[in-house]
Amino acid sequence: MEKALSLILKPGLLNLFFIFFQQGVIIKTTVGCSIKTWLFQYMGITPEYVASRIQTVFLDGKAVDDIEATVIRDGSNLSLSGALPGLVGATLRRGGFFASLRSSITHSVDDKMLPQKGGWVTVKLFNLLIPELGPLFLAKGFWIKGEALEEFLKSQKEDFWSGCPTAHLNGNEIDLKTLREMQWSPGKELVFVKVLSVSK
């Protein structure tokens, strides 16, 4: 049975989960659409934010220049970053002046949309996008390995647990002490994690 964990945390504690974004979180989503469509329609990120803040995009290890003509497929790995410093950053920036210098690592344009269907995408966030987009991804939820979640929860200190007024497992409220000591299935089993914040 799939496990789903939902937590309510004080806002100042959300950043503890940001460690997962550089490692990569798994999202069950619609695939077969362009990166642009996915960011706008399925993640709810505004066009203005994408244009001004998401400066570097990698899909399956290759830099992307045209997010409107590059298709996300089932099993894709998508990395999003703000502007990177120096010549390297200028070279990797999507649609930048130096894009021609990296032709060997540039994702070939595929403007043929595939049948849209459910699938899995691994997403990584870097630098300023982690604090800016992290809360959005946490609120929508993502999948991580059970053993990674267990290690994370067991490493948290008392301020984390005192700042977590509510936790639910598979829709049922769970005692924090039980959650803290819980053993999650090892190996590749995934757990759906959703984290919301409260002001009090």
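A Cβ distance below 8 Å, combined with a sequence gap of six or more or placement on separate chains, defines the contacts here; from segment 70-85, residues that are within 12 Å of Ser34 (Cα to Cα) and among the basic types (Lys, Arg) reach residues that are at pLDDT 95 or above and part of a strand (DSSP E or B) in the pairs Arg73/Gly119. Taking the numbered list (1) assigned to a loop (DSSP other than H, G, I, E, B); (2) surrounded by 14 or more Cβ atoms within 10 Å (Cβ to Cβ); (3) modelled with pLDDT of 90 or more; (4) of a type outside the set (D, E, K, R) in turn, Gly75 passes all entries but (2). The strands (runs of 3 or more DSSP E) located wholly in segment 129-200 include none with 2 or more residues which are small (Gly, Ala, Ser) and loosely packed, with under 15 Cβ neighbours inside 10 Å. Being among the acidic types (Asp, Glu) and touching a residue at least 60 places away in the same chain (Cβ under 8 Å) is a condition met by no residue of segment 40-50.
Scanning segment 17-49 for residues that are part of a loop (DSSP other than H, G, I, E, B), closer than 21 Å to Glu150 by Cβ and touching a Gly at 6+ places or on another chain (Cβ under 9 Å) yields no hits at all.
The rows are residues; the columns are (1) in contact with a Leu (Cβ under 8 Å, 6 or more places away or on another chain); (2) modelled with pLDDT of 95 or more.
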position: Ala83; (1), (2): no, no
position: Leu87; (1), (2): no, no
position: Thr91; (1), (2): yes, no
position: Gly95; (1), (2): no, no
position: Lys112; (1), (2): no, no
position: Phe160; (1), (2): yes, yes
position: Gln183; (1), (2): no, no
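The values are calculated or read from the model by the stated rules, or taken from the named source; none is laboratory data. This structure is a prediction, so every number in the text was calculated from the model and none was measured. Note that we place each Cβ from the backbone using ideal geometry, even for glycine, and neighbour counts take in every protein chain shown.
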